[in-house]
Amino acid sequence: MKIKKNILILLTTLLISTFAYAEDFQLKSSDIAQDKLMPKAQEFNGFGCNGSNLSPQLSWTGAPKGTVAFAILLHDPDAPTGSGWWHWQVINIPSDINSLKTGAGDVAKNLLPKGSVMIENDYGFKGFGGACPPEGNGIHHYNFTIHALSKKLDLPKNASGALTGYNVKANSIASATITALYKREKAK
């Protein structure tokens, strides 16, 4: 009976410490907000959209002990594809970095910290690809998630969004998300 009680205490302690990490690890932005519509600056430029295609400013605090690197995943689960849409994936952001400037997702601007790696998005290029839901398709949810990783990831140069997402989640020790919204009305 004493062994079962000790196991129960250990499991409870692990759960509490996991939730404490989750509560301490936070993602913030000066450009987007939880459950609010994103500005045109975060809309894609192409595929019928004409936004500025700027990745938003992001900052995070409270990374857990043992964080070796960070990854940012931007996914739209509402895209009418059957698997959602990967808009942006960045891996191996150094553990001493806690923010990215607006526009850091533009490869030409070279604003990402050294060692960071962008994965090809579902638009077919490496970098940030903004919101561009089909006209009249309603509100889409854009999940900007920061992951604290237990190790740097070694992925093939042509890694898919699914492979990247799998490896990030398999090595994530904590995460924090901002879900921003976007919609396009039908043209009249």
Next on the checklist: Any residue that is over 16 Å from Glu43 (Cα atoms) and either charged (D, E, K, R) or crowded, with 16+ Cβ neighbours inside 10 Å (or both) - is there at least one of those in the range 131-143?
Outcome noted: no
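Whether any residue in the range 88-100 is among the aromatic types (Phe, Trp, Tyr), surrounded by fewer than 23 Cβ atoms within 10 Å (Cβ to Cβ) and in contact (Cβ under 8 Å) with a residue 24 or more places away in the chain is what I want to check. First the steps, then the outcome.
Within the range 88-100, the first condition is being among the aromatic types (Phe, Trp, Tyr), and the residues that meet it are 88.
Then keep just the ones that are surrounded by fewer than 23 Cβ atoms within 10 Å (Cβ to Cβ); that gives none.
Looking for residues that are among the aromatic types (Phe, Trp, Tyr), surrounded by fewer than 23 Cβ atoms within 10 Å (Cβ to Cβ) and in contact (Cβ under 8 Å) with a residue 24 or more places away in the chain, one finds none in the range 88-100, hence no.
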Checklist entry - What are the residues in the range 170-188 that are of a type outside the set (S, T, N, Q) and either closer than 20 Å to Asp78 by Cα or part of a strand (DSSP E or B) (or both), if any? => result Ile173, Ala174, Ala176, Ile178, Ala180, Leu181, Tyr182, Lys183, Arg184, Glu185, Lys186
Next on the checklist: Need the failing condition index for Leu112 against (1) surrounded by 21 or more Cβ atoms within 10 Å (Cβ to Cβ); (2) in a strand (DSSP E or B), just the number.
Outcome noted: (2)
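Working only within the range 115-124, note down all residues that are on the phi < 0 side of the Ramachandran plot and assigned to a loop (DSSP other than H, G, I, E, B).
Step one: of the range 115-124, the residues on the phi < 0 side of the Ramachandran plot are 116-123.
Result: Ser116, Ile119, Asn121, Asp122, Tyr123.
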Item to check | Candidates Ala159, Ala174 - the one that is modelled with pLDDT of 95 or more, crowded, with 18+ Cβ neighbours inside 10 Å and closer than 19 Å to Leu112 by Cβ | outcome: Ala159
Checklist entry - How many residues does the range 7-54 hold that are at pLDDT 95 or above, among the aromatic types (Phe, Trp, Tyr) and either in contact with an Asp or Glu (Cβ under 9 Å, 6 or more places away or on another chain) or under 26 Å from Ser172 (Cα atoms) (or both)? => result 1
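The values are calculated or read from the model by the stated rules, or taken from the named source; none is laboratory data. Values in this document were obtained by computation on a predicted structure and should not be read as measured data. Backbone-built Cβ (ideal geometry, glycine too); neighbour counts: all protein chains shown.
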